[in-house]
Each structure stands twice: as structure tokens, then as C-alpha cells.
Amino acid sequence: MLLALGAALAYGASDFLGGRASTRAHFSLVTVVGAGTALIIALVAAALVDGTLSGTPLMWGLVSGLGSGFGTLFLYRGLARARVAVVAPTSGVLAAAMPAGLAVVLGERPAPLAVVGLVIALPAVWLISGGGGDSSDNGRPSGVIDGVLAGLGFGLLFFALDRAGDSAGLWPLAAGQATAFALVGVVALKSSRPVPQPAITTPRPAEPGRGPAPEEAPEPESRPWWPIAVATGVLASAATLLFYASTTTGLLTIAAVLTSLYPAGTIVLARLVLDERISRRQGLGLALAGCAVVLITLG
């Protein structure tokens, strides 16, 4: 359980930093750099950990990469063009519910108290992600399809990593990161385009008898974005590794639902670093998440 909670915290921090980096560069560039960093870490870790290469675990690793890549792409597309209050909670709940439901169908049976915690955790994910918030869209599409596809992608990531098992060490994880990097890279090459960067305007001193001088041309934001993008990859890689480890020591139903609480880490960091206000719905979601964790622990 602690491994899954650690994965949630790392995913939440990665998303927070990814959002910060995306204010300085196109999100596709941030995604590619983060995915490339995660791939390098996964390859190094896989080489250091004992494991026997075999076809089935690697196949599930490749499938997990497809889920990760498609989930990320649909999530970003939805957040960019549709209602955040629909896309984020829809993807979060499905990312938890899909693998948990499949695990139950395949025979997992959590303790009764843990089941109550899992049921409470689903609305917690919805509320923390902003579900039920202001739906004002100014003509934007709802984003239900993007949210559903993103959630199914992340759910596939969780389910496939669990099915890969631990006989091949961390090679399934490396295979998944390679697949996700290739997928995101191809899409980024086709869709990325230059975007305006934050700028700082500096007025020239006024000249005697002429009044205030016109402002100079905007200077582009000079702070580098790539170190933050690299940090997102480090955190995302750590999160995936923690989740992978949690599925080898516990139930997928519990690992998937607890890991899907990652938006809690994002909004807490936004509150601490950016002084963003936590809404009442998000506060309720955090309280429900705490109750869910306690119940799952006792179960």
C-alpha cells in the first residue's frame, strides 16, 4: 500500500512540474523530454536488476507503453481543448476503475473493509480532480471522449504492468517506456508548432522633451524549461516503478485505486508553491481520500 501511495505522490509531483514547464515551452516538447528521461532511467534500472527476458512479460510491457502513451496524449488534448472539469475527473476515475474491475473479474477479492475504502476512493478521485466544478465552457466541447480514452489508456498501463509479473525484472517497464516515448515522439513531430512564450516588456527611459518612450519589443522568457521537464521524467519513472513494485507485493485493485489518487499531490503542491486555493469540493475529496486510505489499511 505504501508503494502505491508513493506512486501517487510521485505522479502528482510530476504532473505539477509538467504544468509549470508547459508555461515555458510547448507541452509536446515537455512530454517528449520527460518520456525520454523516463526511458533512460528505466533502461539503466532494468540492466541493474536481475530478470530473465521472455516474450510474455515483454509483450505486456509493450502494451503498458501503448496505454501510457495514448493516455497521456488524450489527456493533454482534452485539457487543451475541452473542459478540465470533465476531462480530469473522468480520466482519473476510469484509470482506477478499469484495472480494479478487471482484477476482480480475474479473481482478486479484497477484504470487506478494503472494498469500502475502494468504493469511497472513486468519488474522492472525481472531487480532487475538479469533478462537479464550474462547467462554464464558452463553447468548448465537453471532453468526455478524451477523458474516457485517457482513463482507459492509464487503466491499460496499470493492468498490463500487473500482468507482466516480476520474472523479467524491470525489462517490461523499460519496454513500456520505450513504446510510450516512440508514440509520443511521433505525435509530437507531427503536431508540434511554435507557440508564443511568456515575455517581459521593458520600457526605455523617457527622453527630455519627448515624454515616455515606447516600449521595446518583448523579450522572450529566458528561464530554461528543460530541467523541469527532465524532473517530470524522473518523477514519472519513479512513480511507475513504485506502482510496478506494488503490484508484485499486493492486489492490483488496491494498487490501481490508491495510485489514481495522484491529483491530490498536484493540488497540494499548487497550494504550497503557487498559493492556489483548494476548493470545497477538492477539500472534500482530500478528506474522502484520507478515509479511503485508512479503511484500505485496516482491511
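Every read-out reported here was derived from the displayed coordinates using simple, explicitly stated rules and does not represent laboratory data. Predicted model only: the values in this text are computed from it and were never measured. Here the Cβ positions follow ideal geometry from the backbone for every residue, glycine too, while neighbour counts run over all protein chains shown.
Below, the figures for the structure above:
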item: Segment Leu53-Val105, length gained on full extension (0.36 nm per residue, minus Cα span); result: 15.9 nm
item: Hydrodynamic radius (Kirkwood) for region 1-50, which is based on Cα pairs only, to one decimal in Å; result: 12.4 Å
item: Most to least packed among 270-282, 286-298 [average Cβ atoms within 10 Å]; result: 286-298, 270-282
item: Chain lengthening between Thr248 and Val119 when straightened (0.36 nm per residue, less Cα-Cα); result: 44.2 nm
item: Radius 12 Å from Cβ of Gln282, net charge of other residues (Lys, Arg +1; Asp, Glu -1); result: +3
item: For region 227-297, fraction of C-alpha pairs farther apart than 16 Å, in %; result: 60 percent
item: log10 of Debye I(q)/I(0), alpha-carbon scatterers only, for region 21-124 at 0.12, 0.13, 0.20, 0.21 Å⁻¹; result: -0.65, -0.75, -1.17, -1.18
